[in-house]
């Protein structure tokens, strides 16, 4: 394998050739969405230019090509996640949020009843909270939260107490605010000991380090195309095939049936029963290309590279601003990804982001769809910086220059 | 940085650093109204005391960005001691100032507003060049408007 070369990766991202306000774009918002390599864009445009047809059933050449692209995307994604039976274990959805809704409503309604416990954590994205609250309102399940320690780690001190009798632990692999990476193997082992299944939100982690559902020993996992160098409009639910097989359909319509009559319908078998309507075909082709590219780059190599970038940024932010820019997240470099939520002294995150924009620096202010976590740390918002495999140390230089400007303006 | 200077005028930074009429009023006799910006988490509470159709006192609490906080501070200074008619007029004028015509979205110009009538509030007109921030500027005004409606009913 060729050594990881971030400059080469950067050269494959057309957007990074752009300027805004007469400055190059410095993209530090990969936790919100990753940028798209040309080869992913080409994979999607090739579908539209050469093979645009609907999938399944039709026998003409372009329709067979479209089906091959869609199902090929499914196999590529399965391979990327370590699935042993991708054709039976990968469900494509609109995004990660829809995948959570699918799992909560399909698996949840079939397997949970009043009083059953689902355990989440305080560092979850709203996508892994709200569908469970909706289910609670509908069937009366109980939702418990693992807390977060003062040093931004998952608090496991009450783990056994919370998991006692629980049916499911649904938890993020990596916090989209703190950057904290959770110990999935340990969590899974301990949750399984209580008979609970484990669903992992890999939206934030999938593009930044190795994901292997067999190695993690999880039961289900969700991620989203657009945070993995792929397109928007496609999400992924992986679940062990026996779990999926026992789940009822989610959305109803074309494609998900075996038979329909005036008396009712019989759902299709396999993953098809969860994919009602015309699926995201171009997106599956694009996501397939994206995960092939990620595998070529090497997920270990990406993780090592981004750890270097993150450690360097943490050290330099501390050195440059001596406490005026605080990181809301672990700073010891251990088990954390390239997400740095900043609290800039005396400057509201919106104002930080506004000043940075003038330098071409793209960051994200706000609560990052994690309000329980923000409340835990008494924050309304943070200014979040996040890296991708195309990020460079020189991006951090511009970040620091622009943060100095923000502090000066509001100081 | 000319664009930034348009947004962060010195008057705005001054009101952000030293907000006027900050605090709370006892309710009753005062009324309170709360405003939220769910997208960015900004929260504002406006306390108003009305006597004989005059807004005799106003206090503001909460937190938010420099635009929402300075707009609230400027608003409090502009409406305190004014008749309710004048306050309604000020709200209407300010909302008009924040109106962006879609046809001009690339180069938004404020619609014809008597800038002199706005006094220091005119410092906020640069906000319309940053459409995302208009909701920040207008939060306090909508909250005051709500408070006045609650007072009447």
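Every number in this text was worked out from the coordinates using simple rules, so none of it is lab data. None of the values given here were measured: they were computed from a predicted structure. Every residue, glycine as well, gets a Cβ built from its backbone with ideal geometry; the counts of neighbours run over all protein chains shown.
Annotation: peptides A:285-294, A:57-66, ranked by per-residue average of other Cβ atoms within 10 Å with the highest first, follow the order A:285-294, A:57-66.
With 47 Å as the cut-off, how large is the P(r) tail for the protein assembly as shown, expressed as percent of Cα-Cα pairs? Summing the P(r) of the protein assembly as shown above 47 Å gives 21 percent of all pairs.
Here the sum of -39500 (n - 2.57) over DSSP H runs of 4 or more residues, divided by the residues of the protein assembly as shown, equals -12000 deg cm²/dmol at 222 nm, to the nearest 500.
The spacing between the stretch A:47-73 and the stretch A:100-142, judged by their C-alpha centroids, is 36 Å. Neighbour counts of other Cβ atoms within 10 Å put A:405, A:319, A:368, A:208 in the fewest-to-most order A:319, A:405, A:368, A:208. Rounded to two decimals, the Cα radius of gyration of chain B over 2.2 N^0.38 Å is 1.00.
Each of the peptides A:238-250, B:126-138 was scored by the mean count of other Cβ atoms within 10 Å over its residues; in descending order, highest first, they stand as B:126-138, A:238-250. Just how far, in whole angstrom, is the stretch A:276-337 from the stretch A:230-272 if you go by their alpha carbon centroids? The stretch A:230-272 and the stretch A:276-337 have Cα centres spaced 32 Å from each other. Report, as an integer, the average count of C-beta atoms from other chains found within 10 Å of each Cβ along A:349-361. Counting Cβ atoms of other protein chains within 10 Å of each residue's Cβ and averaging gives 4.
Counts of other chain beta carbons within 10 angstrom of each beta carbon in peptide B:62-73 average 3. Working note: Cα gyration tensor of the stretch A:41-296, eigenvalues times five, square-rooted, sorted largest first, giving semi-axes of 32, 22, 14 Å.
Considering all C-alpha pairs of the stretch A:268-402, those separated by over 21 Å amount to 54%. What FRET efficiency comes out for residue A:79 versus residue A:139 if R0 is 45 angstrom and r is the Cβ-Cβ distance? Round to the nearest 0.05. Calculated value: 0.80.
Helix A:130-139 and the longest principal axis of the Cα set of chain A meet at an angle near 40°. Helix A:184-193 and the long axis of chain A differ in direction by around 50°, with both axes built from C-alpha atoms.
From the Cα gyration tensor of the stretch A:354-399, with a ≥ b ≥ c the square roots of its eigenvalues, which class applies: rounded if a/c is under 1.5, or else prolate if a/b is larger than b/c, or else oblate? It comes out prolate by the Cα gyration axes.
Rounded to the nearest 10 degrees, the angle from helix A:61-81 to the longest Cα principal axis of chain A is 60 degrees.
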